[in-house]
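The values are calculated or read from the model by the stated rules, or taken from the named source; none is laboratory data. Every value quoted in this text rests on a predicted model; they were computed, and no experiment measured them. Using ideal geometry, Cβ is built from the backbone for each residue, glycine included, and neighbour counts are taken over all protein chains shown.
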Amino acid sequence: MGDTLRNARRTDLAALEIVRRQAIEAAFADEFDRSTYADSVAMPSSELSGWIGDEEVAVLLLETAVTPVAFGAADRGAGIVLALYTAPDYWRRGYGSTVLAGLENELRTGNDEIVANVPVTAPGFFEANGYRVLAGVDGEEIPHVECRKCVDA
């Protein structure tokens, strides 16, 4: 059995939290003091459970035959990538790009452009997937950068 990209279900929440926490820890450990991101690792995402089942939000999960390895969420109406996480053991193997492509498919209808406000550790990934990296976004403990991509017709 191969990899499967599917809509996340409420029963997936625990696995999604594990992937999210592992990704945050691995992405930020060498860039920031742990106190800057510790709450994000220690506390469950307050948004994630609300996204699952919301008609306006696509939450996609990529799993191998063994385990969930990546997931992402996008606001269909606003054309915004809300989240994208890949377990560190699966980085640089195409899993994040597969989830991002799935989210982009969800956002094609009704949007001219897709927006993602991503941590400063992630712009290279988004550039490699066809996004333009724009200005920084204020108001975050972890600095973020705005990335945009035109929607193909």
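Among residues belonging to region 47-63 that are in contact (Cβ under 8 Å) with a residue 40 or more places away in the chain and assigned to a loop (DSSP other than H, G, I, E, B), point out the one that is surrounded by the fewest Cβ atoms within 10 Å (Cβ to Cβ).
Among residues in region 47-63 that are in contact (Cβ under 8 Å) with a residue 40 or more places away in the chain and assigned to a loop (DSSP other than H, G, I, E, B), the one surrounded by the fewest Cβ atoms within 10 Å (Cβ to Cβ) is GLY53.
Step by step: first the residues of region 1-40, then only those that are closer than 12 Å to TYR85 by Cβ and β-branched (Val, Ile, Thr), then the one that is farthest from the chain's Cα centre (by Cα). Which residue is that? Looking at residues that are closer than 12 Å to TYR85 by Cβ and β-branched (Val, Ile, Thr), I get ILE18.
Yes/no matrix, rows are residues, columns are (1) more than 18 Å from VAL120 (Cβ to Cβ); (2) part of a loop (DSSP other than H, G, I, E, B):
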{"position": "ASP12", "(1), (2)": "yes, no"}
{"position": "LEU16", "(1), (2)": "yes, no"}
{"position": "GLU25", "(1), (2)": "no, no"}
{"position": "ASP30", "(1), (2)": "no, yes"}
{"position": "SER40", "(1), (2)": "no, no"}
{"position": "SER45", "(1), (2)": "yes, yes"}
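Each row is one residue, and each column tells you yes or no for (1) surrounded by fewer than 18 Cβ atoms within 10 Å (Cβ to Cβ); (2) within 22 Å of GLU31 (Cβ to Cβ); (3) over 11 Å from the mean Cα position of the chain (by Cα).
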| position | (1), (2), (3) |
| --- | --- |
| ASP75 | no, no, yes |
| LEU82 | no, yes, no |
| TYR90 | no, yes, yes |
| ASN105 | yes, no, yes |
| ARG108 | yes, no, yes |
| GLU113 | yes, no, yes |
| GLY124 | yes, yes, yes |
| GLY130 | yes, no, yes |
| VAL151 | yes, no, yes |
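When you look at ARG34, is it more than 21 Å from PRO143 (Cα to Cα) and among the basic types (Lys, Arg), yes or no? Against the criterion (more than 21 Å from PRO143 (Cα to Cα) and among the basic types (Lys, Arg)), ARG34 does not qualify.
Within the set ALA26, ALA70, ALA14, the sole residue that is in contact (Cβ under 8 Å) with a residue 60 or more places away in the chain and of a type in the set (A, V, I, L, M, F, W, C) turns out to be ALA26.
Take the conditions (1) of a type outside the set (Asp, Glu); (2) at pLDDT 95 or above; (3) surrounded by fewer than 19 Cβ atoms within 10 Å (Cβ to Cβ); (4) not in a helix (DSSP H, G or I); VAL66 misses just one of them, which is (2).
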